[in-house]
Amino acid sequence: MNGPEFESTTPIQPEKKPDKKIIIEIGTGAKPFPIVGKRKIKADEHYIGIEENKRETKAARDTLVIWEMLRGKKSSGKMDVLTTRAQNLPFQDNSVDEVVLSNLFCLLHHFKAEHAHRDQDLILAEINRVLKDGGKLTIIENSTPTPAKEGLSEIEDAGFREILAPTEKPEARADYYEPGDKDPEDSFIAQYEKIGELGEK
C-alpha cells in the first residue's frame with residue numbers, strides 16, 4: 001500500500017509469480033470494489049486500482065489499510081492503488097486477467113461529452129492491449145448510467161464480445177459494489193470478453 005505512484009509509461013509486472021491473476025479497476029475512487037462488493041480478492045489474485053487523481057489514490061490506499069486493520073490482518077500485498085491514466089496503462093501486453101471500469105463511461109459521456117468517443121476509443125484500445133486473450137472487461141455504472149450506455153455499442157468493435165448484457169438487477173452488481181437506495185434505477189453491469197487484438201476480424 002505504500003508503494004510508489006506509477007506515472008510513467010514503463011511496463012510493469014505487479015507480481016513476479018506467474019500464477020497470480022491480475023485484476024485492475026480503472027476509476028477506483030476512494031472505495032475499491034473488493035471492499036464495497038461481495039467479491040473478495042483471492043490468494044491467487046492481485047488487485048490493482050487505477051486512479052488519475054493523486055488525492056483519490058491516497059484515499060483508496062488509506063481505505064485499504066483501514067479495511068485490513070479492521071479484519072485483523074496486515075497487508076498481504078495483493079491489493080495496491082496506482083496513480084496513472086487509463087489511456088496509458090503501465091502494464092505489459094497481454095498481462096491482465098480482468099479490467100473493471102467503475103463509472104468511467106458516465107464520466108466520459110456526461111461530463112466530457114465533447115471528447116467522449118475519442119477518449120473512449122483510446123481507453124478501449126489500451127484495455128485491449130493489456131488484457132490477455134479471453135480476459136474479461138467488466139463495466140459498472142451506478143452514477144449517471146443513461147449517458148454511459150451511449151458508449152456500449154462501440155465495445156465490440158474494439159476486439160470484445162458481450163458475455164453479460166447490460167442488466168439492472170441489483171444481485172448481478174453486488175459482486176462489485178453494494179447497491180444502495182440512492183442508486184439510479186437504471187444502474188447496470190455489463191461484461192465482455194477479449195476475443196482478438198484491436199483491428200482483427
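The values are calculated or read from the model by the stated rules, or taken from the named source; none is laboratory data. As the structure is a computational prediction, the values presented were derived from the model and not from experiment. So basically every Cβ, Gly included, is an ideal-geometry build from the backbone, and we count neighbours across all protein chains shown.
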On the basis of being closer than 22 Å to G49 by Cα and modelled with pLDDT under 80, does S95 make the cut? no
Take L64 and decide whether it is surrounded by fewer than 18 Cβ atoms within 10 Å (Cβ to Cβ) and among the aliphatic types (A, V, I, L, M). no
Test for E25: is it at pLDDT 85 or above and assigned to a strand (DSSP E or B): yes
Here are some conditions: (1) within 25 Å of G135 (Cα to Cα); (2) in contact with a helix residue (DSSP H, G or I) (Cβ under 9 Å, 6 or more places away or on another chain); (3) crowded, with 17+ Cβ neighbours inside 10 Å. H46 meets all but one. Which one does it not meet? (2)
